[in-house]
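The structure under discussion appears below in the form of structure tokens.
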Amino acid sequence: MKKLSIKPLAAVFALALAGFSHVALAQDAGLSVQDAWVRATVPNQHATGVFMQLTSKEAGRLVGVESQAAKHVEVHEMAMQDNVMKMRQVAGIDLPAGQAVDLKPGGYHVMLIDLAKQIVPGDHVALTLIVEDAARQQRRVPIDAVARPLNATAAPAAGHGH
């Protein structure tokens, strides 16, 4: 019978975890971040959106986001106003304890404005979420968003290899 070496298994495990590093970092701060992604851009495009799902262990509020990828980073909401879909900056997004909050195209999202460079599919964009708890204590949660093609609208279907 062939003995199985632990070193190759450890390497496979480490590589698997590396793909989820942004989730692990966020969970340490009581915030789970799932499927963080940024929409890729075309040359000379000055802004793009960032999307993800946030689940906080305790009630809190997303009050800001920072990134070196753009001069300005804002939290936005898309909403119908007088039968017209409009985008506006919001002061924050409530994060009810234990409930998933989607930041997605057509709803709440993060805007990167005055981009430092073009974002192409596969790029990794570092962001820092600023979350405030009920006592108004702020914590900073680093995440990594992977760029998806311009026509991406949501998470790729699981198991379809897209």
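The values are calculated or read from the model by the stated rules, or taken from the named source; none is laboratory data. Just so it is clear, the model here is predicted, and its values are computed rather than measured. Cβ placement follows ideal geometry from the backbone for every residue including glycine, while neighbour counts extend to all protein chains displayed. Note: areas computed on protein heavy atoms with side chains; ligands, DNA, RNA excluded. Shrake-Rupley method; radii C 1.70, N 1.55, O 1.52, S 1.80 Å.
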Spans of strands (runs of 3 or more DSSP E) in the stretch 100-158 with at least 2 residues basic (Lys, Arg) and open to solvent by 30 Å² or more (accessible area, probe 1.4 Å) | 138-148
For the stretch 64-94, the count of residues that are buried (at least 17 other Cβ atoms within 10 Å of the Cβ) and aliphatic (A, V, I, L, M) equals 6
